[in-house]
Structures are given as C-alpha cells and as structure tokens.
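This report refers to the structure that appears directly beneath it.
The values are calculated or read from the model by the stated rules, or taken from the named source; none is laboratory data. Because the structure is a prediction, the values reported are computed rather than measured. Here the Cβ is made from the backbone with ideal geometry for all residues, glycine too, and neighbour counts use every protein chain on show. Calculation scope for accessible area: heavy atoms of the full protein, side chains included, ligands and nucleic acids excluded. Shrake-Rupley method; radii C 1.70, N 1.55, O 1.52, S 1.80 Å.
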Amino acid sequence: MLTNFANTLEMLDPTHKFYGLIGAVAALLLIASIVGWALKRQLLAKNNPSEKSLKLINNLISRVNAWWVMVAILIIAFLAGKLGTIILFGFISYFALREFMTLTPTRAGDHRTLSLAFFLLIPLHYYLIYTDWYGLFSVLIPVYAFLLMPSISVLAQDTEHFLERAAKIQWGVMISIYCISHAPALLLLPITNFEGQNTLLLFYFLLIVQLSDVLQYVFGNLFGKTKVAPVVSPNKTLEGLIGGGLSTILVGTGLWWITPFTPLQSAGMATVIVIMGFLGGLVMSAIKRSLGAKDWGDMIEGHGGMLDRMDSVSFAAPVFFHLVRYYFTP
C-alpha cells in the first residue's frame, strides 16, 4: 500500500506537486499562527506572566508573521517563472551585501570597488544563471572579480589596512552573491529524468534549509541545555541541533518524490543541507560577534536582517548544487 502511494506521488504532474507543497506550507504556518495566538492568550490570562516567556512568545509570533510574508513573496516569484525567481534572488543578494558592507568598515578608496560589486557583479552574475552559462558563472567571482576588485581599489592609492579591507569586500561578495546564487542556479541544471521540475528542487532545498533553522530553534528552546559554541552563538545547543536536524532529515526523506533522488539519497542530501546550514549559521554569527553586532540588520521582523535569514543558505547552497550537478546530471 505504501509503495502504491509513493508511486502515485511520484507520478503527479509537477504543477500539482508544487501546489500541494504550497498548501502544506500554508497549513503549517496556519497551525503555527494559531498555536502562537493560543499560547499568548494563555500567558496573558495569568496574573503575572514572566517577562522571559512573554518575550519568547512575541518572538515566535513575529517570526511566524514574517514567514507568511516571505513565503508569499517566494511563491509569487516561483509562479513568475525562472526570470521572477532570479530577479528575487538578485534583490536578496543586493540586500545581503548591503548589510554586510554596512557593518564592515570601508574607506573612500573602496567606493569604486563597491559600486562594481553592487551594480555590475550582481546583475551580471544572475544574468549568467538566466542564460544557463554555467562555465562563466562558476569562475566570474572567484577568479575574475577577486582579481579585479583589489586592482580597482589599489588605484585609489590608499594602503591603510588594504589587505583587511580587500578581504572583507571579497568575503562579502563571496557570501552574499556567489554562494547565495547557487540556490537559483539549481534552475539551470539538466537533471536526468527530471526535465521541467527544477523549481521543485529549489523549493525542496529552501524548505529543508529553513525548516532546519526553525526546528533547531524550537528544539533548542524546549530541550536545549548543552551549548555548542556559547561565545559565538549562545542560542545554538546540541539538543537543538540533534532534535531539529533529525526531524528535518525525516521531512527531507519524506519529500523524495519532488526530487530526482531516491528516499535514501534524499535523506543524505537533507543531512548535508542541515550540517552545512548549521556551520553557515555559526560562521556568520562569529563574523557578527567580531563586528560587535547581534544581527546583520532589522529588515525582517523577528529574524533580523536578510543575512540572518540567508546565513544557512550561503553555506548549504553551493555544496548542494555541486552534489546534484556531479551525481544527477549527464
């Protein structure tokens, strides 16, 4: 019976799969909204609700409300097709890079280099995805841009902290543009026996990486005791990583039918996404701490800035992209 059900899911039209996933995500968000409202109402009914509990519930409600908006924007972009999705991620890279450079001190001699990054690299890099030009997409930033950007900066003849400034700009470009762009780059992969369904694979990736963050947050708040890296990220716990990670892997395994993977392969891919997303969150938190900041920004209520929401994506996307390209394309 389970085999027949699995075969039925796999044979569904891609459009039906997509709308089914949208419905499932909307149902989960609706449940989360109801739970948040009920918990807050129950808490306020007490005579003296604790400030910590009230803060936690308000943060949960803010996060869920923000997720409604983010999911709606993502769905609209997906429905707009490949161009709409690429434009959305182009803006994501723009805002992420702006947050990174806002927290990272630069000098007047870097302004031309920053203009190159914002107004040439972002549109050009995403244009390469739109035109399926993988060869140049893979080397534009880590080869040509990384050599060109310090060359432009050096013409300003400002040598004060030159290496530090050049490294900060290159790291910001690498994370905010190159790494994040590997998510929509999934659309250009010619996956065997998966023609016309790459949007589902992108949906799968984003769902797993974001669900991992959410479930690690939930398990950490409910059961977390053992800090993984208290100096870097006090809220990340071993219990949150294990509970949230395993739950996410189970979900990823169950969603194999929207991917080119078998259930076992889907479990493996979900594991890679969870691990790389966790490492990405830690590394980006360490950078924030070194800059004396709690969040990258305040663009998304309850979440912080764009980079706070995309830190896991930035590490997981390139690894997931190249695993799929190596093992599942001709």
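Details
- Taking other residues whose beta carbon is less than 13 angstrom from the beta carbon of Leu279, and scoring Lys, Arg as +1 and Asp, Glu as -1, yields -1.
- With 0.36 nm allotted per residue and the present C-alpha distance subtracted, the Leu323-His16 stretch has 107.9 nm of extension available.
- For the pair the stretch 286-330 and the stretch 51-79, the centres of their Cα atoms are 18 angstrom apart.
- Given a 1.4 Å probe and the protein chains as shown, Thr85 ends up with an accessible area of around 0 Å².
- What separates the Cα centres of the stretch 91-124 and the stretch 132-183 is a distance of 10 Å.
- Tensor-based shape of the stretch 165-272 (alpha-carbon gyration tensor, a/c under 1.5 rounded, otherwise prolate or oblate): oblate
- Here the gap between Ala80 and Leu222, fully extended at 0.36 nm per residue and compared with their Cα-Cα distance, gives a gain of 47.2 nm.
- Candidate membrane-span-like segments in the chain, meaning DSSP H helices with Cα atoms spread over at least 18 Å of their own axis and a Kyte-Doolittle mean of -0.5 or above, are 14-44, 51-79, 81-103, 198-223, 238-254, 263-290, 306-328, with no membrane implied.
- Most mobile listed residue (Phe78, Phe223, Phe320) in the chain, GNM with C-alpha springs under 10 Å: Phe223
- Heavy atoms of Val214 accessible to a 1.4 Å probe, total area in Å² rounded to 10: 60
- Entry note, the chain: the mean residue ellipticity at 222 nm calculated from DSSP H runs of n ≥ 4, each adding -39500 (n - 2.57), is -23500 deg cm²/dmol after division by the residues and rounding to the nearest 500.
- Cα gyration tensor shape of the stretch 258-330, rounded if a/c is under 1.5, else prolate or oblate by comparing a/b with b/c: prolate
- Heavy-atom accessible surface of the stretch 192-315: percent carbon and sulfur, 1.4 Å: 66
- Net charge dipole, the stretch 87-222: roughly 160 debye, given to the nearest 20, about the Cα centre with Cβ charges of +1 for Lys and Arg and -1 for Asp and Glu.
- Spatially proximal aspartates and glutamates relative to Lys82 (Cα-Cα < 17 Å; intrachain offsets below 8 disregarded): Asp132, Glu195
- Counting only protein heavy atoms and using a 1.4 Å probe, the accessible area of Trp68 comes to about 100 Å².
- Most mobile of Arg98, Arg112, Arg41 in a GNM of the chain (Cα contacts under 10 Å): Arg41
- Å² per residue, accessible surface of the chain at 1.4 Å: 51
- Bridging of Lys288 to aspartates and glutamates at a Cα separation below 14 Å is possible for Glu99, Asp298, Asp308, Asp311, once same-chain residues fewer than 8 apart are set aside.
- Based on C-alpha pairs under 8 angstrom that are at least 6 apart in sequence, the chain has a relative contact order of 19 percent.
- Under 5 Å, built H, 5+ apart or other chain: amide partners of Thr237: Val228
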